[in-house]
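One structure is given here, and the rest of the page talks about it.
Just so you know, all these numbers are worked out from the coordinates, no wet-lab data involved. Keep in mind that what you see is a predicted model, and the values were worked out from it rather than measured. Cβ sites come from the backbone with ideal geometry, for glycine too, and all protein chains shown count toward neighbours.
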Amino acid sequence: MESINEIFENVKSASRSLNSFKDEQINNMLVDLAERAVAKTNSILEANEDDLKKMPEDDPKYDRLKLTRQRIKNIADDIVNVSNLPSPLGKILMKKTLENGMKLSKVSVPLGVIGIIYEARPNVTFDVFSLTIKSGNACILKGGSDADNTNKAIMEVIHEVLAEHGFSESVVSLLPSNRQAAIDMMEAVDYLDMIIPRGSKQLIDTVRDNSKVPVIETGAGIVHTYFDESADLKKGIKIINNAKTRRVSVCNALDCLILNEQRLEDLPAIAKPLATRQVEIFADDLSFEALKGKYPDELLLKAKEEHFGTEFLSHKLAIKTVPDYDSAINHIYKYSSKHSEAIISENPEIIERFLYDVDAAAVYANASTAFTDGAQFGLGAEIGISTQKLHARGPMGLDELTSYKWVIHGDGQIRTP
């Protein structure tokens, strides 16, 4: 059995071997992988069921862990989408000729070896592999123990297809699911070029605070939607319900509805679809009074300070009423994780102010925050959603998995003292 350092060595070596493969060869392999993933659905679901048996169904991570035939089909479709995207490599990002005649080009290149530390999200195993190899990178995966059986089953499928297409299986490796493997990865400065954590705030904070390898932070999604005084009620009902209940366990799900006080009388109508989905509401004083007797008593509670700035990842929603636009912006600035924020409004001036004022990776006007997703943004899939500002921000696709180098053509030029 390979030691951790042997795995690191092999992946680093395999990353160099990717230079010899053309984009067409990678695309063909990915298309075959998508077909094989569907063909192996039964074995993947069996492994997934073994993992699901160990997790309570009311755990917020349960839905993320759970795979279905349709979800595997969707994952396969995303892999094909990635194969159809143009290669991000070899792009001339800038080109110029200096006064001394030297010709400079700034050219996109792979990062090298990318490490991913993630929790109960087995779809990440497929997504990360397809994006990293398409962008010329090797990857080392460290999944959580909750999804270990599923990740191993997926990795078997990936390695099987890689071998058939002449790739080294070491272009992607899955580390043991124990804590020590994560520590080893975070200290592997000689082998990894970057680590991207995906999971809870606790996981992300731990990796950011302890990794010696550079980290791109995919932060928690504390998501707000501001229902403005001029908002269209019909649009608002659809958007808010979708943002909150489409999939409650994902990072783009709505956590806090900010309501202009002038629209309090519309709150029962806005909340009505939420009641059918058993959404528990934590309402401030004004919104509590507006909903009292018009929303199920067992689902309506008074908000405490702790409910604002919380990523619920469940059927829970905070409501904050504000007197005006500035108060809404101040609330967002205080509690936002800079992931996704939205406004529902028919006032063009207010909309433009919101889109300009709000500091977040994705800012929406009159649309659900559920669209903050690499596939939805046309990126094929995503490595994660970056909430930081260095190198990458928002859904990270192929371009965000590249760096660049300067290529200089000379004709005998030398630098004088």
(request) Counting helices only, and only those DSSP H runs with n ≥ 4, report the 222 nm mean residue ellipticity of the chain as the sum of -39,500 (n - 2.57) divided by its residues, in deg cm²/dmol to the nearest 500. (result) -12000 deg cm²/dmol
(message) For Ser386, what residues show an amide H to amide H distance below 5 Å, using hydrogens built from the backbone and excluding near sequence neighbours?
(response) Gly394, Met396
(request) Pick out which of Thr125, Thr276, Thr321 has the largest mean-square fluctuation in a Gaussian network model of the chain, springs linking Cα atoms closer than 10 Å. (result) Thr276
(message) Name the residue from Cys251, Ile351, Ser230 whose Cα lies farthest towards the positive end of the charge dipole of the range 223-371, charges +1 on Cβ of Lys and Arg and -1 on Cβ of Asp and Glu.
(response) Cys251
(message) Let me spell out the model: positive unit charges on the Cβ of Lys and Arg, negative unit charges on the Cβ of Asp and Glu, origin at the Cα centre of the range 223-371. What dipole size does that give, in debye rounded to 20?
(response) 740 debye
(request) Starting at the first residue of the range 47-62, write each ³J(HN,Hα) from the Karplus equation 6.51 cos²θ - 1.76 cosθ + 1.60 with θ = phi - 60°, in whole Hz, x for Gly and Pro. (result) 5, 5, 5, 4, 6, 4, 4, 8, 10, x, 5, 8, 5, x, 7, 4
(request) Search the structure for amide H atoms under 5 Å from the amide H of Ile343, placed 1.01 Å from N in the peptide plane, and list their residues when 5 or more places away or on another chain. (result) Tyr226, Tyr364, Ala365, Asn366, Ala367
(request) Report Rg (one decimal) and Dmax (nearest whole number) for the range 223-371, counting Cα atoms only, units Å. (result) 13.5, 39
(message) Of the candidates Tyr356, Tyr226, Tyr404, which one comes out as most mobile in a Gaussian network treatment of the chain with C-alpha springs shorter than 10 Å?
(response) Tyr356
(message) Using a Cα-Cα cut-off of under 13 Å, which aspartates and glutamates could be cross-linked to Lys304, ignoring same-chain neighbours fewer than 8 residues away?
(response) Asp284, Asp285
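Let me know the volume per residue of the alpha-carbon convex hull for the range 58-169, in Å³. Walk me through the numbers before you get to the answer.
On the way: hull volume 15.6 nm³, N = 112.
Measuring per residue, one finds 139 Å³ for the Cα hull of the range 58-169.
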(request) Quick one: of Lys272/Lys338; Lys53/Lys234; Lys40/Lys212; Lys54/Lys294; Lys106/Lys152, which pairs are farther than 30 Å apart, Cα to Cα? (result) Lys53/Lys234; Lys40/Lys212; Lys54/Lys294; Lys106/Lys152
(request) Arrange Asp50, Asp297 by Cβ neighbour counts within 10 Å, fewest through most, would you? (result) Asp297, Asp50
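Do me a favour and compute the ellipsoid semi-axes for the chain from its Cα gyration tensor, root of five times each eigenvalue, largest one first, whole Å. Intermediate values should be presented prior to the final figure.
Values: eigenvalues 339, 154, 68 Å².
The answer is 41, 28, 18 Å, longest axis first.
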(request) Give, rounded to the nearest 20 debye, the magnitude of the charge dipole that the chain has about its Cα centre when Lys and Arg contribute +1 at Cβ and Asp and Glu contribute -1 at Cβ. (result) 720 debye
